[in-house]
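The values are calculated or read from the model by the stated rules, or taken from the named source; none is laboratory data. Being a predicted model, the structure only gives us computed values, none of them experimental. Every residue, glycine as well, gets a Cβ built from its backbone with ideal geometry; the counts of neighbours run over all protein chains shown. Accessible surface areas use protein heavy atoms only, side chains included; no ligands, DNA or RNA. Shrake-Rupley method; radii C 1.70, N 1.55, O 1.52, S 1.80 Å.
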Amino acid sequence: MNNISTYIGEHKERFLNELLDLLKIPSISADSAYKKDVLHTADVVKTRLEEAGCDHVEICETAGYPIVYGEKIIDKNLPTVLVYGHYDVQPPDPLNLWNSPPFEPVIKKTELHPEGAIFARGACDDKGQMYMHVKAMEFMTKTNQLPCNVKFMIEGEEEVGSSNLAIFVKNNQEKLKNDVILISDTGMIAKDVPSITTGLRGLSYVEVEVTGPNRDLHSGLYGGAVANPINVLTKMIASLHDENNHITIPGFYDKVEELSKEERAEMAKAPFSLEAYKKSLDIDAVYGEAGYTTNERNSIRPTLDVNGIWGGYTGEGAKTVIASQAFAKISMRLVPHQDWEEITQLFKKHFESIAPEGVKVEVKPHHGGQGYVTPIDSIGYQAASKAYFDTFGKTPIPQRSGGSIPIVSLFEQELKSKTILMGFGLDSDAIHSPNEHFGLFNYYRGIETIPLFYKYFTELSK
Ligand code: BES
Ligand code: MN
Ligand code: MN
(Lines give C-alpha, C1' and ligand atoms only; values in the text may rest on other atoms or scores of the structure.)
(Ligands and ions follow the chains in the order given, each with its own letter.)
Protein backbone atom coordinates (compact mmCIF):
# COMPACT_ATOMS: atom_id res chain seq x y z
CA MET A 1 0.00 0.00 0.00
CA ASN A 2 1.16 3.49 -0.78
CA ASN A 3 3.26 5.17 1.91
CA ILE A 4 1.64 3.78 5.04
CA SER A 5 4.92 4.01 6.92
CA THR A 6 5.43 7.59 5.75
CA TYR A 7 1.92 8.48 6.90
CA ILE A 8 2.52 6.88 10.30
CA GLY A 9 5.87 8.68 10.56
CA GLU A 10 4.24 12.04 9.90
CA HIS A 11 1.43 11.53 12.40
CA LYS A 12 3.20 9.46 15.03
CA GLU A 13 2.90 11.96 17.86
CA ARG A 14 -0.78 12.63 17.29
CA PHE A 15 -1.58 8.90 16.94
CA LEU A 16 -0.01 8.39 20.34
CA ASN A 17 -1.51 11.43 22.05
CA GLU A 18 -5.02 10.55 20.93
CA LEU A 19 -4.64 7.09 22.43
CA LEU A 20 -3.23 8.53 25.65
CA ASP A 21 -6.29 10.80 25.92
CA LEU A 22 -8.55 7.81 25.55
CA LEU A 23 -6.61 5.92 28.22
CA LYS A 24 -7.06 8.76 30.69
CA ILE A 25 -10.79 8.06 30.94
CA PRO A 26 -11.49 5.32 33.51
CA SER A 27 -14.10 3.36 31.53
CA ILE A 28 -14.52 0.57 34.07
CA SER A 29 -17.69 -1.23 33.06
CA ALA A 30 -17.83 -3.44 36.16
CA ASP A 31 -18.04 -0.53 38.61
CA SER A 32 -21.12 1.70 38.41
CA ALA A 33 -19.20 4.54 40.09
CA TYR A 34 -17.55 5.09 36.68
CA LYS A 35 -20.76 5.28 34.69
CA LYS A 36 -20.12 8.86 33.51
CA ASP A 37 -16.62 7.97 32.36
CA VAL A 38 -17.77 4.92 30.45
CA LEU A 39 -20.42 7.01 28.68
CA HIS A 40 -17.90 9.76 27.98
CA THR A 41 -15.52 7.23 26.42
CA ALA A 42 -18.26 6.20 23.99
CA ASP A 43 -18.62 9.86 22.92
CA VAL A 44 -14.89 10.21 22.37
CA VAL A 45 -14.81 7.04 20.27
CA LYS A 46 -17.69 8.41 18.21
CA THR A 47 -15.83 11.67 17.52
CA ARG A 48 -12.64 9.81 16.60
CA LEU A 49 -14.51 7.57 14.16
CA GLU A 50 -16.00 10.64 12.49
CA GLU A 51 -12.57 12.25 12.23
CA ALA A 52 -11.17 9.03 10.76
CA GLY A 53 -13.60 9.28 7.87
CA CYS A 54 -16.68 7.30 8.83
CA ASP A 55 -19.73 8.80 7.08
CA HIS A 56 -22.25 7.87 9.64
CA VAL A 57 -21.50 7.33 13.32
CA GLU A 58 -24.07 6.78 16.03
CA ILE A 59 -24.29 5.95 19.69
CA CYS A 60 -26.63 2.97 19.93
CA GLU A 61 -28.26 2.84 23.32
CA THR A 62 -28.73 -0.52 25.04
CA ALA A 63 -30.03 -1.57 28.43
CA GLY A 64 -26.43 -1.12 29.58
CA TYR A 65 -23.56 0.84 28.07
CA PRO A 66 -23.95 2.01 24.46
CA ILE A 67 -22.43 0.53 21.35
CA VAL A 68 -20.62 2.96 19.06
CA TYR A 69 -21.48 2.15 15.47
CA GLY A 70 -19.82 3.77 12.46
CA GLU A 71 -19.63 2.98 8.79
CA LYS A 72 -18.33 4.03 5.43
CA ILE A 73 -20.04 2.34 2.53
CA ILE A 74 -18.27 3.15 -0.72
CA ASP A 75 -19.83 0.61 -3.07
CA LYS A 76 -22.51 -1.99 -2.36
CA ASN A 77 -20.76 -4.45 -4.67
CA LEU A 78 -17.52 -4.40 -2.71
CA PRO A 79 -16.92 -6.55 0.36
CA THR A 80 -17.63 -5.22 3.86
CA VAL A 81 -15.30 -5.56 6.83
CA LEU A 82 -16.91 -5.30 10.27
CA VAL A 83 -14.46 -4.19 12.96
CA TYR A 84 -15.31 -5.11 16.55
CA GLY A 85 -13.54 -3.86 19.66
CA HIS A 86 -14.31 -2.68 23.19
CA TYR A 87 -13.81 0.66 24.91
CA ASP A 88 -14.44 -0.62 28.44
CA VAL A 89 -11.63 -1.82 30.68
CA GLN A 90 -11.10 -4.07 33.69
CA PRO A 91 -10.99 -2.55 37.19
CA PRO A 92 -7.37 -1.57 37.96
CA ASP A 93 -7.11 -3.01 41.47
CA PRO A 94 -4.96 -3.84 43.37
CA LEU A 95 -3.94 -0.20 42.95
CA ASN A 96 -0.93 -0.39 45.24
CA LEU A 97 0.81 -2.74 42.82
CA TRP A 98 0.85 -0.19 39.98
CA ASN A 99 4.14 1.67 39.48
CA SER A 100 2.21 4.62 38.02
CA PRO A 101 -1.51 5.45 38.27
CA PRO A 102 -3.57 3.26 35.89
CA PHE A 103 -5.39 6.18 34.29
CA GLU A 104 -2.38 8.48 33.94
CA PRO A 105 -0.65 6.82 31.00
CA VAL A 106 3.13 7.04 30.82
CA ILE A 107 5.66 5.82 28.25
CA LYS A 108 8.42 3.74 29.76
CA LYS A 109 11.20 1.70 28.21
CA THR A 110 11.44 -1.96 29.23
CA GLU A 111 13.81 -4.76 28.38
CA LEU A 112 11.32 -6.09 25.86
CA HIS A 113 10.29 -2.64 24.63
CA PRO A 114 13.45 -0.53 24.29
CA GLU A 115 11.48 1.88 22.09
CA GLY A 116 8.91 2.33 24.86
CA ALA A 117 5.56 0.99 25.99
CA ILE A 118 2.38 2.74 27.13
CA PHE A 119 1.54 1.86 30.74
CA ALA A 120 -2.16 2.26 31.55
CA ARG A 121 -5.25 0.18 32.16
CA GLY A 122 -6.68 -0.65 28.74
CA ALA A 123 -3.42 0.14 26.89
CA CYS A 124 -3.54 -3.29 25.27
CA ASP A 125 -6.99 -4.62 26.29
CA ASP A 126 -8.52 -3.16 24.31
CA LYS A 127 -8.29 0.61 23.80
CA GLY A 128 -4.83 0.48 22.24
CA GLN A 129 -5.70 -2.37 19.92
CA MET A 130 -9.12 -0.97 19.05
CA TYR A 131 -7.59 2.43 18.28
CA MET A 132 -5.13 0.90 15.80
CA HIS A 133 -8.20 0.24 13.64
CA VAL A 134 -9.40 3.82 13.92
CA LYS A 135 -5.98 5.09 12.80
CA ALA A 136 -5.75 2.51 10.00
CA MET A 137 -9.12 3.79 8.83
CA GLU A 138 -7.86 7.37 8.94
CA PHE A 139 -4.89 6.42 6.78
CA MET A 140 -7.06 4.66 4.21
CA THR A 141 -9.64 7.43 3.89
CA LYS A 142 -7.18 10.37 3.95
CA THR A 143 -5.02 8.79 1.23
CA ASN A 144 -7.96 7.51 -0.86
CA GLN A 145 -6.93 3.92 -0.41
CA LEU A 146 -9.96 2.45 1.30
CA PRO A 147 -10.62 -0.56 -0.94
CA CYS A 148 -13.95 -1.75 0.47
CA ASN A 149 -16.80 -0.95 2.86
CA VAL A 150 -16.18 -0.70 6.60
CA LYS A 151 -18.42 -0.96 9.62
CA PHE A 152 -17.24 -0.37 13.19
CA MET A 153 -18.97 -1.77 16.24
CA ILE A 154 -17.21 -0.78 19.46
CA GLU A 155 -18.89 -1.89 22.67
CA GLY A 156 -18.60 -0.92 26.32
CA GLU A 157 -19.47 -4.15 28.09
CA GLU A 158 -16.99 -6.75 26.90
CA GLU A 159 -15.37 -7.09 30.30
CA VAL A 160 -18.74 -7.78 31.90
CA GLY A 161 -20.05 -10.38 29.46
CA SER A 162 -21.42 -8.48 26.40
CA SER A 163 -25.00 -9.44 27.18
CA ASN A 164 -26.47 -6.28 25.63
CA LEU A 165 -24.29 -6.60 22.56
CA ALA A 166 -25.73 -10.08 22.03
CA ILE A 167 -29.22 -8.57 21.91
CA PHE A 168 -28.03 -5.76 19.61
CA VAL A 169 -26.50 -8.24 17.17
CA LYS A 170 -29.65 -10.37 17.10
CA ASN A 171 -31.80 -7.30 16.43
CA ASN A 172 -29.57 -5.66 13.81
CA GLN A 173 -28.59 -8.41 11.41
CA GLU A 174 -29.12 -6.29 8.28
CA LYS A 175 -27.24 -3.28 9.62
CA LEU A 176 -24.30 -5.45 10.66
CA LYS A 177 -24.21 -7.54 7.48
CA ASN A 178 -20.59 -8.13 6.48
CA ASP A 179 -18.18 -10.43 4.69
CA VAL A 180 -15.67 -10.76 7.49
CA ILE A 181 -15.30 -9.61 11.10
CA LEU A 182 -11.95 -8.19 12.13
CA ILE A 183 -10.87 -8.01 15.77
CA SER A 184 -7.67 -6.98 17.52
CA ASP A 185 -8.23 -8.08 21.11
CA THR A 186 -5.80 -10.99 21.40
CA GLY A 187 -2.04 -11.41 21.26
CA MET A 188 0.81 -12.69 19.13
CA ILE A 189 3.64 -15.07 20.00
CA ALA A 190 6.45 -12.50 20.14
CA LYS A 191 7.46 -9.18 18.63
CA ASP A 192 9.35 -10.98 15.90
CA VAL A 193 7.01 -13.98 15.69
CA PRO A 194 3.68 -12.87 14.25
CA SER A 195 0.69 -15.14 14.79
CA ILE A 196 -2.99 -15.14 14.04
CA THR A 197 -5.37 -16.38 16.71
CA THR A 198 -7.45 -19.24 15.31
CA GLY A 199 -9.27 -20.25 18.47
CA LEU A 200 -10.68 -18.88 21.70
CA ARG A 201 -11.86 -20.81 24.70
CA GLY A 202 -15.42 -20.70 25.95
CA LEU A 203 -16.29 -19.84 29.51
CA SER A 204 -18.63 -20.81 32.30
CA TYR A 205 -18.41 -18.62 35.39
CA VAL A 206 -20.19 -19.59 38.59
CA GLU A 207 -20.35 -18.56 42.21
CA VAL A 208 -20.79 -21.15 44.96
CA GLU A 209 -22.07 -20.71 48.47
CA VAL A 210 -21.79 -23.18 51.36
CA THR A 211 -23.98 -22.55 54.38
CA GLY A 212 -23.53 -24.36 57.68
CA PRO A 213 -24.87 -23.28 61.10
CA ASN A 214 -27.30 -20.36 61.30
CA ARG A 215 -24.66 -18.05 62.85
CA ASP A 216 -20.91 -17.73 63.26
CA LEU A 217 -19.83 -19.97 66.13
CA HIS A 218 -17.11 -20.08 68.77
CA SER A 219 -14.54 -22.46 67.26
CA GLY A 220 -13.74 -23.93 70.67
CA LEU A 221 -17.27 -24.56 71.83
CA TYR A 222 -18.49 -25.93 68.51
CA GLY A 223 -15.31 -26.82 66.59
CA GLY A 224 -15.17 -30.49 65.60
CA ALA A 225 -18.85 -31.05 66.22
CA VAL A 226 -20.38 -28.95 63.42
CA ALA A 227 -19.47 -28.90 59.72
CA ASN A 228 -17.24 -25.88 59.07
CA PRO A 229 -18.37 -24.34 55.73
CA ILE A 230 -14.85 -23.20 54.85
CA ASN A 231 -13.35 -26.64 55.51
CA VAL A 232 -16.16 -28.20 53.51
CA LEU A 233 -15.90 -25.77 50.60
CA THR A 234 -12.14 -26.18 50.23
CA LYS A 235 -12.46 -29.97 50.39
CA MET A 236 -15.21 -29.92 47.77
CA ILE A 237 -13.13 -27.67 45.52
CA ALA A 238 -10.05 -29.86 45.95
CA SER A 239 -12.08 -32.88 44.85
CA LEU A 240 -12.85 -31.25 41.49
CA HIS A 241 -9.43 -32.34 40.18
CA ASP A 242 -7.94 -35.85 40.46
CA GLU A 243 -4.27 -36.76 40.92
CA ASN A 244 -3.65 -36.22 37.19
CA ASN A 245 -5.31 -32.81 37.35
CA HIS A 246 -8.23 -34.04 35.32
CA ILE A 247 -11.55 -32.45 36.18
CA THR A 248 -13.79 -34.91 38.01
CA ILE A 249 -17.22 -33.55 37.05
CA PRO A 250 -19.06 -36.44 35.33
CA GLY A 251 -19.58 -35.70 31.64
CA PHE A 252 -17.25 -32.70 31.65
CA TYR A 253 -15.01 -34.08 28.90
CA ASP A 254 -17.74 -35.81 26.85
CA LYS A 255 -17.79 -33.26 24.04
CA VAL A 256 -14.21 -32.04 24.21
CA GLU A 257 -12.65 -31.96 20.79
CA GLU A 258 -9.51 -34.13 20.81
CA LEU A 259 -6.84 -32.92 18.46
CA SER A 260 -5.13 -35.39 16.15
CA LYS A 261 -1.47 -36.29 16.58
CA GLU A 262 -0.72 -34.24 13.46
CA GLU A 263 -2.51 -31.17 14.79
CA ARG A 264 -0.66 -31.43 18.09
CA ALA A 265 2.65 -31.83 16.28
CA GLU A 266 1.86 -28.73 14.23
CA MET A 267 1.07 -26.81 17.41
CA ALA A 268 4.33 -27.89 18.99
CA LYS A 269 6.26 -26.18 16.19
CA ALA A 270 5.42 -22.73 17.55
CA PRO A 271 8.49 -21.30 19.25
CA PHE A 272 8.23 -21.65 23.03
CA SER A 273 10.75 -21.76 25.85
CA LEU A 274 9.60 -23.41 29.05
CA GLU A 275 12.57 -21.92 30.89
CA ALA A 276 11.70 -18.38 29.78
CA TYR A 277 8.05 -19.02 30.65
CA LYS A 278 8.90 -20.10 34.19
CA LYS A 279 11.35 -17.26 34.60
CA SER A 280 8.81 -14.66 33.48
CA LEU A 281 6.45 -15.84 36.23
CA ASP A 282 9.07 -16.58 38.91
CA ILE A 283 7.94 -20.18 39.29
CA ASP A 284 10.17 -23.22 39.54
CA ALA A 285 7.79 -25.64 37.84
CA VAL A 286 4.74 -25.61 35.64
CA TYR A 287 1.56 -27.42 36.57
CA GLY A 288 -1.40 -28.98 34.84
CA GLU A 289 -3.25 -31.84 33.27
CA ALA A 290 -1.14 -34.96 32.79
CA GLY A 291 -0.33 -35.82 29.19
CA TYR A 292 -0.39 -32.29 27.79
CA THR A 293 2.20 -29.61 27.20
CA THR A 294 2.00 -26.12 28.66
CA ASN A 295 0.78 -24.64 25.39
CA GLU A 296 -1.86 -27.35 25.09
CA ARG A 297 -2.97 -26.89 28.68
CA ASN A 298 -3.58 -23.21 28.13
CA SER A 299 -5.36 -23.41 24.80
CA ILE A 300 -6.90 -26.70 23.62
CA ARG A 301 -7.76 -28.15 27.04
CA PRO A 302 -10.61 -27.13 29.34
CA THR A 303 -9.86 -25.94 32.86
CA LEU A 304 -11.47 -25.21 36.20
CA ASP A 305 -10.03 -22.50 38.45
CA VAL A 306 -11.03 -20.74 41.64
CA ASN A 307 -10.88 -17.00 40.97
CA GLY A 308 -11.73 -15.87 44.46
CA ILE A 309 -12.59 -17.48 47.79
CA TRP A 310 -13.72 -15.94 51.03
CA GLY A 311 -15.44 -16.46 54.36
CA GLY A 312 -14.76 -16.21 58.08
CA TYR A 313 -12.34 -13.83 59.73
CA THR A 314 -9.67 -12.22 57.56
CA GLY A 315 -8.99 -9.06 59.56
CA GLU A 316 -5.93 -8.29 61.66
CA GLY A 317 -4.89 -10.71 64.38
CA ALA A 318 -6.86 -13.85 65.22
CA LYS A 319 -10.52 -14.47 65.90
CA THR A 320 -11.61 -17.95 66.90
CA VAL A 321 -14.66 -18.51 64.81
CA ILE A 322 -16.45 -21.02 62.62
CA ALA A 323 -18.11 -19.00 59.90
CA SER A 324 -21.69 -19.68 59.00
CA GLN A 325 -20.92 -19.35 55.28
CA ALA A 326 -18.13 -19.75 52.73
CA PHE A 327 -18.00 -18.57 49.11
CA ALA A 328 -15.99 -19.01 45.94
CA LYS A 329 -16.01 -17.77 42.37
CA ILE A 330 -15.07 -20.42 39.85
CA SER A 331 -14.32 -20.17 36.13
CA MET A 332 -14.24 -23.02 33.67
CA ARG A 333 -12.49 -22.37 30.37
CA LEU A 334 -14.06 -24.50 27.68
CA VAL A 335 -12.96 -25.77 24.30
CA PRO A 336 -14.91 -26.08 21.05
CA HIS A 337 -18.03 -28.33 21.16
CA GLN A 338 -18.41 -27.98 24.92
CA ASP A 339 -21.63 -26.06 25.45
CA TRP A 340 -21.26 -23.53 28.25
CA GLU A 341 -24.83 -23.84 29.49
CA GLU A 342 -24.60 -27.61 29.57
CA ILE A 343 -21.27 -27.47 31.43
CA THR A 344 -22.78 -25.02 33.91
CA GLN A 345 -25.58 -27.51 34.58
CA LEU A 346 -23.12 -30.41 34.95
CA PHE A 347 -21.12 -28.37 37.43
CA LYS A 348 -24.20 -27.42 39.42
CA LYS A 349 -25.51 -30.98 39.59
CA HIS A 350 -22.13 -32.40 40.58
CA PHE A 351 -21.26 -29.72 43.11
CA GLU A 352 -24.60 -30.06 44.85
CA SER A 353 -24.27 -33.85 44.83
CA ILE A 354 -20.91 -33.86 46.64
CA ALA A 355 -22.13 -31.65 49.48
CA PRO A 356 -21.75 -33.53 52.78
CA GLU A 357 -24.51 -33.65 55.37
CA GLY A 358 -24.67 -30.64 57.65
CA VAL A 359 -24.31 -27.93 55.00
CA LYS A 360 -26.42 -26.44 52.22
CA VAL A 361 -24.78 -25.74 48.89
CA GLU A 362 -25.93 -23.25 46.30
CA VAL A 363 -24.48 -22.76 42.82
CA LYS A 364 -25.23 -19.48 41.08
CA PRO A 365 -24.34 -19.30 37.38
CA HIS A 366 -22.88 -15.96 36.33
CA HIS A 367 -22.20 -15.72 32.63
CA GLY A 368 -20.44 -17.60 29.91
CA GLY A 369 -20.00 -18.16 26.24
CA GLN A 370 -18.96 -20.67 23.62
CA GLY A 371 -15.44 -21.24 22.35
CA TYR A 372 -14.41 -20.58 18.79
CA VAL A 373 -12.16 -22.07 16.13
CA THR A 374 -11.66 -20.79 12.64
CA PRO A 375 -10.07 -22.51 9.63
CA ILE A 376 -6.88 -21.21 8.07
CA ASP A 377 -7.99 -21.68 4.48
CA SER A 378 -10.56 -18.88 4.48
CA ILE A 379 -10.05 -15.73 2.43
CA GLY A 380 -9.97 -13.72 5.64
CA TYR A 381 -7.18 -15.80 7.14
CA GLN A 382 -5.19 -15.71 3.91
CA ALA A 383 -5.58 -11.93 3.67
CA ALA A 384 -4.39 -11.51 7.25
CA SER A 385 -1.48 -13.86 6.64
CA LYS A 386 -0.33 -11.83 3.60
CA ALA A 387 -0.70 -8.58 5.52
CA TYR A 388 1.57 -9.85 8.35
CA PHE A 389 4.03 -11.19 5.83
CA ASP A 390 4.39 -7.74 4.30
CA THR A 391 5.05 -5.94 7.58
CA PHE A 392 6.96 -8.63 9.53
CA GLY A 393 8.66 -10.41 6.64
CA LYS A 394 7.40 -13.70 8.05
CA THR A 395 4.33 -15.84 7.56
CA PRO A 396 2.31 -15.71 10.80
CA ILE A 397 1.75 -18.88 12.82
CA PRO A 398 -1.84 -19.94 13.53
CA GLN A 399 -2.31 -20.18 17.28
CA ARG A 400 -5.21 -21.08 19.53
CA SER A 401 -5.54 -18.80 22.51
CA GLY A 402 -6.68 -19.63 26.01
CA GLY A 403 -8.63 -16.41 26.49
CA SER A 404 -12.29 -15.85 25.71
CA ILE A 405 -14.26 -13.38 23.64
CA PRO A 406 -17.66 -15.06 23.94
CA ILE A 407 -19.36 -12.76 21.46
CA VAL A 408 -17.28 -14.17 18.58
CA SER A 409 -19.21 -17.44 18.39
CA LEU A 410 -22.45 -15.47 18.53
CA PHE A 411 -21.25 -13.37 15.58
CA GLU A 412 -20.80 -16.54 13.56
CA GLN A 413 -24.18 -17.88 14.62
CA GLU A 414 -26.14 -14.68 13.98
CA LEU A 415 -24.21 -12.92 11.22
CA LYS A 416 -22.92 -16.07 9.50
CA SER A 417 -19.45 -14.71 9.03
CA LYS A 418 -16.00 -15.70 10.16
CA THR A 419 -13.93 -13.66 12.55
CA ILE A 420 -10.25 -12.94 11.96
CA LEU A 421 -8.37 -12.27 15.18
CA MET A 422 -5.40 -10.06 14.37
CA GLY A 423 -3.98 -9.51 17.84
CA PHE A 424 -0.89 -7.41 18.42
CA GLY A 425 -0.57 -7.80 22.19
CA LEU A 426 1.99 -9.91 24.03
CA ASP A 427 1.41 -12.26 26.98
CA SER A 428 3.78 -10.07 28.97
CA ASP A 429 1.55 -7.00 28.48
CA ALA A 430 -0.12 -7.80 31.83
CA ILE A 431 -3.71 -7.36 30.67
CA HIS A 432 -6.16 -7.42 33.61
CA SER A 433 -3.12 -7.10 35.92
CA PRO A 434 -1.33 -4.16 37.51
CA ASN A 435 1.02 -2.31 35.12
CA GLU A 436 -0.79 -3.28 31.94
CA HIS A 437 1.12 -1.95 28.96
CA PHE A 438 1.27 -1.99 25.17
CA GLY A 439 4.46 -1.62 23.16
CA LEU A 440 4.76 1.38 20.87
CA PHE A 441 6.25 -1.04 18.36
CA ASN A 442 3.10 -3.18 18.58
CA TYR A 443 0.78 -0.18 18.31
CA TYR A 444 2.39 1.27 15.19
CA ARG A 445 2.96 -2.13 13.61
CA GLY A 446 -0.73 -2.87 14.05
CA ILE A 447 -1.70 0.38 12.33
CA GLU A 448 0.65 -0.53 9.49
CA THR A 449 -0.62 -4.08 9.06
CA ILE A 450 -4.39 -3.51 9.21
CA PRO A 451 -4.77 -1.56 5.92
CA LEU A 452 -2.99 -4.42 4.13
CA PHE A 453 -5.65 -6.79 5.42
CA TYR A 454 -8.30 -4.64 3.74
CA LYS A 455 -6.33 -4.58 0.52
CA TYR A 456 -5.75 -8.35 0.36
CA PHE A 457 -9.22 -9.21 1.55
CA THR A 458 -10.75 -7.10 -1.21
CA GLU A 459 -8.42 -8.58 -3.83
CA LEU A 460 -9.00 -12.17 -2.74
CA SER A 461 -12.78 -11.64 -2.65
CA LYS A 462 -12.93 -10.88 -6.37
N1 BES B 1 -9.23 -9.45 25.23
C2 BES B 1 -9.61 -10.36 26.24
C3 BES B 1 -9.57 -11.81 25.79
C4 BES B 1 -8.24 -12.34 25.28
C5 BES B 1 -7.03 -11.81 25.66
C6 BES B 1 -8.28 -13.39 24.42
C7 BES B 1 -5.85 -12.32 25.17
C8 BES B 1 -7.11 -13.92 23.93
C9 BES B 1 -5.89 -13.39 24.29
C10 BES B 1 -11.02 -10.00 26.71
O11 BES B 1 -11.15 -8.64 26.97
C12 BES B 1 -11.28 -10.70 28.02
O13 BES B 1 -10.69 -10.33 28.99
N14 BES B 1 -12.18 -11.70 28.04
C15 BES B 1 -12.59 -12.33 29.26
C16 BES B 1 -13.95 -12.94 29.13
C17 BES B 1 -15.12 -12.01 29.38
C18 BES B 1 -16.41 -12.77 29.34
C19 BES B 1 -15.00 -11.22 30.64
C20 BES B 1 -11.64 -13.43 29.63
O21 BES B 1 -11.04 -14.09 28.76
O22 BES B 1 -11.51 -13.66 30.84
MN1 MN C 1 -10.37 -7.49 25.45
MN1 MN D 1 -10.20 -8.22 28.94
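The table below gives the values:
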| quantity | calculated |
| --- | --- |
| Viscosity 1.002 mPa s, 20 °C: Kirkwood-radius Stokes-Einstein D of region 399-462 over Cα pairs, µm²/s | 150 µm²/s |
| Rounded to the nearest 10 Å², the accessible area of Arg201 at probe 1.4 Å | 20 Å² |
| Stretch gain in nm, segment Ile189-Glu258, where the contour uses 0.36 nm per residue and the Cα spacing is subtracted | 22.5 nm |
| For region 154-161, Karplus couplings with θ = phi - 60° (6.51, -1.76, 1.60), whole Hz, Gly/Pro x | 10, 9, x, 9, 5, 6, 10, x |
| Aspartates and glutamates whose Cα lies under 20 Å from that of Lys235, excluding same-chain neighbours fewer than 8 positions away | Glu207, Glu209, Asp216, Glu243, Glu289, Asp305, Glu352, Glu357, Glu362 |
| Mean accessible surface per residue for region 56-118, computed with a 1.4 Å probe while every protein chain stays in place, in Å² | 49 Å² |
| Lys, Arg +1 and Asp, Glu -1 on Cβ, resulting dipole of the chain about Cα centre, debye, nearest 20 | 340 debye |
| Under the Karplus curve 6.51 cos²θ - 1.76 cosθ + 1.60, θ = phi - 60°, whole-Hz ³J(HN,Hα) for region 332-340, x wherever Gly or Pro sits | 10, 8, 10, 10, x, 5, 6, 9, 5 |
| Along each principal axis, Cα extent of region 343-415, largest first, Å | 65, 27, 17 |
| Value of relative contact order over the chain, rounded to a whole percent, pairs C-alpha under 8 Å and six or more apart | 25 percent |
| Stretch in the chain that is longest and holds no GluC sites (Glu not before Pro) that DSSP places in a loop and that have at most 14 other beta carbons within 10 Å | 358-462 |
| Positive-end residue of Leu203, Ile118, Asn228, charge dipole of the chain with Cβ unit charges | Ile118 |
| Taking all pairs of distinct alpha-carbon atoms in the chain, Kirkwood radius in angstrom | 23.7 Å |
| Entries of Lys170/Lys418; Lys177/Lys418; Lys12/Lys36 with Cα pairs more than 19 Å apart | Lys12/Lys36 |
| Hz values of 3J(HN,Hα) by residue in region 79-92 - Karplus curve (6.51, -1.76, 1.60), Gly and Pro given as x | x, 10, 9, 9, 9, 10, x, 9, 9, 8, 10, 6, x, x |
| Nearby aspartates and glutamates by direct alpha-carbon distance to Lys386 (threshold 16 angstrom, same-chain neighbours under 8 apart not counted) | Asp192, Asp377, Glu448, Glu459 |
| Long-range amide H partners of Leu182 with built H, under 5 Å | Leu82, Val83, Tyr84, Ile420 |
| Probe 1.4 Å, protein heavy atoms only - accessible area per residue of region 324-462 in square angstrom | 40 Å² |
| Value of [θ]222 nm, deg cm²/dmol, for the chain, DSSP H segments ≥ 4, -39500 (n - 2.57) each, nearest 500 | -10000 deg cm²/dmol |
| Carbon and sulfur %, accessible surface of the chain computed with the full protein complex present, 1.4 Å | 50 percent |
| Relative contact order (%) - criterion: Cα under 8 Å, at least six apart; region: region 360-428 | 36 percent |
